[in-house]
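Peer 1: Encoded as structure tokens, here's the structure I'll be asking about.
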Amino acid sequence: MLQVEEITKTYGDKTLFQQVSFTVAEKQRIGLIGVNGTGKSTLLKILAGVESADQGKLIHPNAYHIEYLPQQPEVDEEMTVLEHIYFGDSAIMVAMRAYEESLLAFEKHPQDSHYQAQYMKCQQQMEELQAWEANTVAKTILMKLGIRDFTARLGALSGGQKKRVAIAKALIQPADLLLLDEPTNHLDHETIEWLEGYLAGYKGSIMLITHDRYFLNRVTNQIYELDQGRLFVYEGNYEVFLEKKAERELLEAGQEQKRQNLLRRELAWLKRGAKARTTKQKARIQRVEALQEQERPAAKNEFDFAIGSKRLGNDVIELKQVNKSYGGRQLINQLDYLIVPGERLGIVGPNGSGKTTLLNLLAGRVKPDAGTISIGETVRIGYYTQEDAEINGELRVIDYIKEVAEVVYTKSGEVITAEQMLERFLFSRAAQWTYIRRLSGGEKRRLYLLRILMTEPNVLFLDEPTNDLDTQTLSVLEDYLDQFPGVVLTVSHDRYFLDRVVDHLLVFTEDGDIQRFQGHYSDYLNWQKSEREEAKEVVKEKAAAQQRVKPVKKKLSYKEQKEWEQIEDRISELEERKDELEQQIVKAGSDYGRIAEIMEEKEAVDLELEGAMERWTELSLLIEEIEKEKEERLS
């Protein structure tokens, strides 16, 4: 158990949170939410010991271990993948690290008796600590996260790959409390789905920050909300939180209304100078003072995206036979596509498949290798990119916005100044004179979004907008896009955001093929799943139908009898083969190609084992029915 007692954290004149207390018990699954800049990441850093609180304390047993995944992991770029994930001083980590190092040395010098002896010694340590299963799990996690070269130097990996390696390290290290800051960034749908399942069986407690509301809803059983320095705790997942928060705000508003009414009555009485004994008059004065001093609920900050957009004509963007390749790899091949007014298009696919490249082509930032891209005369593009390079950290907040416009016009024609617009985006007048470099990552992205919208675009390109925006900002952005009269094209892996914003998809594949799909992202995922399962379901249904119409048999057929005699041995063989394959994964060491082959065979064995178990069940039931029929005849 971890107890957090009255911790406070300030930055300059800004209080992130004040006298916050809570307890993390075993097996809790906590989602930490709040508007960007409220201190969510800072709270995780304090719990992880990366930063210290101004006051307050953390209490936990001496053996309590906390594992922390930061939003932007810092890694030793000279380390290999395996060295990084096995980093740590726990006995099992030391043993696995030593084993992998001795295995690599032995593979390089198979005839050297020194390396052979060292390898045998490390194998013995693995046996004593029962570390083989942990080693298999570690490599399986890496494979599931798309990391296949275990000997690669971290410095040679992309930012997304480094994040995946950092996720693997956090999951592999034994911990009482796992802290995850935006774990789903850079992960595709299948990997996020796998991570959801893995965390469901995680032995320790979890506290996580994520913008992925489906993920948050499925993984958590408690929500902590940081709101203007205070912490509110809600039992239940994200869906329950939305209901309970609305109830809390309604209750607070009612209590404040009662306080104001009582205060008005008491003040009116005092001003009237009504006759009363001195002691009663003093009591009234004291009651008024107490009512005035009572803490009122903090003003609810609401975003307002009521920014207009320029008129868009009938001609938007048309692509004809567009080709683009990088490094000899064809990303876009003879793409024809017509973007029409009112378009709501989602662009999905694996990392590196060319999604951002397509947006860059449409925005004119890169040129196609072949083909043409025609842009309509009235088109004004607003492009929200993934890169922080678009944000000059040396400017003050107000100057950064005024570079675009001093004023904007709402849909109703109202004039709003840059200062007023910043206030609507939760940047106070004082905060507007802050240098951008001093803002949190999420605040920078919120500011960048405002700058894009201040240009009054009629065509919006959004490249992974959900990566750094908080859930509240995303909800309001989604509402804005509902009313936005122009065109929206978004690259995203966020299932919730895509379901809310787009109505059809361009699906990029790893082999360069681009498919069109009419419908929401969840519709596409369900279609994908049904395609994979369709053949299996048809077979099952046929078998079930045959079973339903089959009369009760007096005895097994010769073929069924032979199958029944052999099936338990077959199940044992498959289980043994599964164990052998798991051992082979461990012993494959740095041969990631071999590991991929073994994983493929293991999946096939798992599938065959599942089928054999189902068949065993069918035959068992059939034998039971035959025996039951015999008993009935004898009686």
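The values are calculated or read from the model by the stated rules, or taken from the named source; none is laboratory data. Since we're looking at a predicted model, the values are computed, not measured. With ideal geometry, Cβ positions are generated from the backbone for all residues, glycine too; neighbour counts draw on all protein chains shown. Note: areas computed on protein heavy atoms with side chains; ligands, DNA, RNA excluded. Shrake-Rupley method; radii C 1.70, N 1.55, O 1.52, S 1.80 Å.
Peer 1: Looking at (1) within 25 Å of E387 (Cβ to Cβ); (2) more than 33 Å from the chain's Cα centre (by Cα); (3) hydrophobic (A, V, I, L, M, F, W, C), which is the only condition V415 fails?
Peer 2: (1)
Peer 1: Suppose we filter segment 449-481 for residues that are surrounded by 21 or more Cβ atoms within 10 Å (Cβ to Cβ) and aromatic (F, W, Y); how many remain?
Peer 2: So the count comes out to 1.
Peer 1: Now for a separate question. If I go through segment 47-57 residue by residue, how many of them are open to solvent by 40 Å² or more (accessible area, probe 1.4 Å) and in contact with a strand residue (DSSP E or B) (Cβ under 6 Å, 6 or more places away or on another chain)? Break it down into steps so the answer makes sense when it comes.
Peer 2: Let us first name the residues in segment 47-57 that are open to solvent by 40 Å² or more (accessible area, probe 1.4 Å), namely 49-52, 54-57.
If we keep only those that are in contact with a strand residue (DSSP E or B) (Cβ under 6 Å, 6 or more places away or on another chain) too, we end up with 54-57.
Residues meeting the conditions: 4.
Residue by residue, here is whether (1) among the aliphatic types (A, V, I, L, M); (2) surrounded by 14 or more Cβ atoms within 10 Å (Cβ to Cβ); (3) part of a helix (DSSP H, G or I); (4) at pLDDT below 80 holds:
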| site | (1), (2), (3), (4) |
| --- | --- |
| K562 | no, no, yes, no |
| Q566 | no, no, yes, no |
| I571 | yes, yes, yes, no |
| E576 | no, no, yes, no |
| S590 | no, yes, no, yes |
| M599 | yes, yes, yes, yes |
| K602 | no, yes, yes, no |
| E608 | no, yes, yes, no |
| K630 | no, no, yes, yes |
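Peer 1: Please name all residue pairs, on different chains or six or more residues apart, with Cβ atoms under 7 Å, provided the first residue is in segment 419-444 and is under 18 Å from V476 (Cβ atoms) and the second residue is of a type in the set (V, I, T) and assigned to a loop (DSSP other than H, G, I, E, B).
Peer 2: Every condition considered, the pairs that remain are L426/V35; K444/I391.
Peer 1: Just to verify a result, which residue in segment 196-214, among those that are under 14 Å from the mean Cα position of the chain (by Cα) and without any contact (Cβ under 8 Å) to a residue 40 or more places away in the chain, is least open to solvent (accessible area, probe 1.4 Å)?
Peer 2: Checked segment 196-214; the qualifying residue least open to solvent (accessible area, probe 1.4 Å) is E196.
Peer 1: Can you name the helices (runs of 4 or more DSSP H) wholly within segment 112-227 that have at least 2 residues being over 20 Å from T471 (Cβ atoms)? I'd like the intermediate steps shown before the answer.
Peer 2: Numbers: elements: 113-128, 132-144, 159-172, 189-200, 213-219.
Qualifying helices (runs of 4 or more DSSP H): 113-128, 132-144, 159-172, 189-200.
Peer 1: If you don't mind, another one. In segment 402-443, which residue that is in contact with a helix residue (DSSP H, G or I) (Cβ under 6 Å, 6 or more places away or on another chain) and polar (S, T, N, Q) is most open to solvent (accessible area, probe 1.4 Å)?
Peer 2: Among them, the one singled out is T434.
Peer 1: A follow-up question, please. Give the residue that is farthest from D315 (Cα to Cα), with candidates limited to residues of segment 454-485 that are among the aliphatic types (A, V, I, L, M) and in contact with a strand residue (DSSP E or B) (Cβ under 7 Å, 6 or more places away or on another chain).
Peer 2: Within segment 454-485, the first condition is being among the aliphatic types (A, V, I, L, M), and the residues that meet it are 454, 459-460, 462, 469, 474, 476-477, 481.
Filter again for in contact with a strand residue (DSSP E or B) (Cβ under 7 Å, 6 or more places away or on another chain), leaving 454, 459-460, 462, 481.
Details: M454: 23, V459: 12, L460: 15, L462: 20, L481: 20 Å.
Among residues in segment 454-485 that are among the aliphatic types (A, V, I, L, M) and in contact with a strand residue (DSSP E or B) (Cβ under 7 Å, 6 or more places away or on another chain), the one farthest from D315 (Cα to Cα) is M454.
Peer 1: Taking the residues in segment 215-250 that are open to solvent by 20 Å² or more (accessible area, probe 1.4 Å) and acidic (D, E) as candidates, determine which candidate is nearest to the chain's Cα centre (by Cα).
Peer 2: Applying the filter and picking the extreme gives E239.
Peer 1: List pairs: first residue in segment 566-585 and farther than 20 Å from N135 by Cβ and free of Cβ contacts under 8 Å to residues at least 60 places away in the same chain, second residue open to solvent by 60 Å² or more (accessible area, probe 1.4 Å) and not small (G, A, S) anywhere in the structure, Cβ distance under 8 angstrom, at least six positions apart or on different chains.
Peer 2: I567/R615; I567/W616; E568/W616; I571/M613; I571/W616; L574/E608
Peer 1: Of all the helices (runs of 4 or more DSSP H) wholly in segment 425-525, which have at least 2 residues that are of a type in the set (K, R)? Even if it seems obvious, please write down each step before you answer.
Peer 2: Numbers: elements: 441-454, 471-483, 495-501.
Passing ranges, in order: 441-454, 495-501.
One line per residue, one yes/no per condition, for (1) of a type in the set (F, W, Y); (2) farther than 23 Å from R495 by Cβ; (3) open to solvent by 70 Å² or more (accessible area, probe 1.4 Å); (4) in a strand (DSSP E or B):
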position	(1), (2), (3), (4)
K324	no, yes, no, yes
L331	no, yes, no, yes
D336	no, yes, no, yes
I347	no, no, no, yes
G352	no, no, no, no
T356	no, no, no, no
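So that you can scan it fast, the table gives a plain yes or no per residue for (1) touching a residue at least 60 places away in the same chain (Cβ under 8 Å); (2) out of contact with any Ser or Thr (no Cβ under 9 Å at 6 or more places or on another chain):
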site: S102; (1), (2): no, yes
site: A152; (1), (2): yes, no
site: R164; (1), (2): no, no
site: L179; (1), (2): yes, yes
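Each row is one residue, and each column tells you yes or no for (1) of a type in the set (S, T, N, Q); (2) on the phi < 0 side of the Ramachandran plot; (3) open to solvent by 10 Å² or more (accessible area, probe 1.4 Å); (4) assigned to a helix (DSSP H, G or I).
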residue	(1), (2), (3), (4)
K9	no, yes, yes, no
T23	yes, yes, yes, no
K27	no, no, yes, no
I30	no, yes, no, no
S41	yes, yes, yes, yes
K45	no, yes, yes, yes
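Peer 1: Of the residues in segment 66-103, how many are more than 18 Å from A131 (Cβ to Cβ), hydrophobic (A, V, I, L, M, F, W, C) and open to solvent by 30 Å² or more (accessible area, probe 1.4 Å)?
Peer 2: The total comes to 3.
Peer 1: Turning to a different aspect of this structure: Do the conditions hold for V75, that is, is it aliphatic (A, V, I, L, M) and modelled with pLDDT of 85 or more?
Peer 2: On the way: aliphatic (A, V, I, L, M): yes; modelled with pLDDT of 85 or more: no.
In short, no.
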